[in-house]
1. Which of the following residues is basic (Lys, Arg) and within 24 Å of residue 185 (Cβ to Cβ): 132, 141, 107, 67?
2. Just to be sure before I move on: is residue 73 surrounded by 13 or more Cβ atoms within 10 Å (Cβ to Cβ) and either of a type in the set (Lys, Arg) or more than 26 Å from residue 183 (Cβ to Cβ) (or both) in the structure I sent?
3. Does any residue in region 120-137 that is within 12 Å of residue 159 (Cβ to Cβ) come within less than 6 Å, Cβ to Cβ, of a residue that is part of a helix (DSSP H, G or I) six or more places away or on a different chain, and which pairs are these?
4. So how many residues does region 144-162 have that are of a type in the set (Val, Ile, Thr) and surrounded by fewer than 14 Cβ atoms within 10 Å (Cβ to Cβ)?
5. Checking residue 53 against (1) modelled with pLDDT under 85; (2) of a type in the set (Lys, Arg); (3) closer than 21 Å to residue 134 by Cβ, which test does it fail?
6. Go over the candidates 150, 129, 184 one by one and state the one that is at pLDDT 85 or above and under 16 Å from residue 69 (Cα atoms).
7. Can you give me the number of residues within region 163-199 that are buried (at least 16 other Cβ atoms within 10 Å of the Cβ), of a type in the set (Ser, Thr, Tyr) and out of contact with any Gly (no Cβ under 9 Å at 6 or more places or on another chain)?
8. Taking region 166-211 as the region of interest, how many residues are within 18 Å of residue 115 (Cα to Cα) and of a type outside the set (Asp, Glu)?
Amino acid sequence: MEIILSIIGGFILGYFTSYFNEKGKNKAIIEDTEQITEKREKVTSKHNLDITKRKIQYETKSNAYMKYFNLLDELSQNGNTEAQEEFLPALAKFNSDYIPNADNVEKASKAAAEFSNSMQKLMFKSQEKYLKFKNETNALKIIAGDDVLKLMTEIDEISQLSFDVSTQMMKDLAESIVSKNFTKLDSQKNTLENLANQTNILKEKLTIEIRKELSEI
């Protein structure tokens with residue numbers, strides 16, 4: 001009888017020992033699974049957050065660069081529009097007022113003064129638009145990469161130089177017509193053409209660098 005009870009007790013002890021061991025293993029498995037799930041969720045969350053950040057960064061830069069090119073084109077178009085609508089009529093008026101009265105000091109001086117005033121107003125408007133362009137694109141330089149920023153800076157420098165040459169050219173125009181000496185104007189015209197070509201080359205390089213920068217986000 002004692003032997004039977006011992007066998008039964010051993011069996012029961014072994015059963016419960018095995019039961020609790022298995023339960024401990026199951027608990028450990030559950031805990032491991034929970035930890036793995038938690039880690040996976042953290043990784044997934046971080047991955048999704050990285051994707052969202054990259055998407056926002058891409059869209060922000062893409063829109064900013066698009067705005068930059070639009071403003072740059074707008075600046076050039078405004079210059080062409082002003083030339084057609086304001087500069088050429090002012091020049092035509094100067095010619096019609098000055099040439100017939102070249103020997104009349106009073107009338108000739110008046111024609112030159114009126115033309116000079118027209119050019120000053122035109123230069124002031126051009127300067128306002130150029131400053132607006134610089135102000136609206138300054139923020140872009142904060143998020144631009146080094147290579148893109150370098151090209152944008154070069155374009156800014158050439159744009160400023162083009163503006164300065166154009167301003168001086170308009171100032172010298174009346175005097176050149178009066179003196180019939182167009183050497184200075186020809187030199188300024190050639191300078192502006194060279195600067196325009198440099199700007200176009202830089203814009204092409206800038207486009208390549210922007211595409212490269214956006215693809216690396």
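The values are calculated or read from the model by the stated rules, or taken from the named source; none is laboratory data. Model, not experiment: these values are computed from the prediction. Cβ atoms come from the backbone with ideal geometry, glycine included; neighbour counts cover every protein chain shown.
1. 107
2. Details: surrounded by 13 or more Cβ atoms within 10 Å (Cβ to Cβ): no; either of a type in the set (Lys, Arg) or more than 26 Å from residue 183 (Cβ to Cβ) (or both): yes.
Answer is no for this residue.
3. 129/78; 130/163; 133/71; 133/75; 137/68
4. Here is the first cut: in region 144-162, the residues of a type in the set (Val, Ile, Thr) are 148, 153, 155, 158.
Narrowing the set further to residues that are surrounded by fewer than 14 Cβ atoms within 10 Å (Cβ to Cβ) leaves 153.
Within region 144-162, residues that are of a type in the set (Val, Ile, Thr) and surrounded by fewer than 14 Cβ atoms within 10 Å (Cβ to Cβ) number 1.
5. Of (1) modelled with pLDDT under 85; (2) of a type in the set (Lys, Arg); (3) closer than 21 Å to residue 134 by Cβ, only one is false for residue 53: (3).
6. On inspection, the qualifying residue turns out to be 150.
7. 4
8. Residues of region 166-211 within 18 Å of residue 115 (Cα to Cα): 166-182, 185.
Restricting the remaining residues to those that are of a type outside the set (Asp, Glu) gives 166-171, 173-174, 176-182, 185.
Qualifying residue count, region 166-211: 16.
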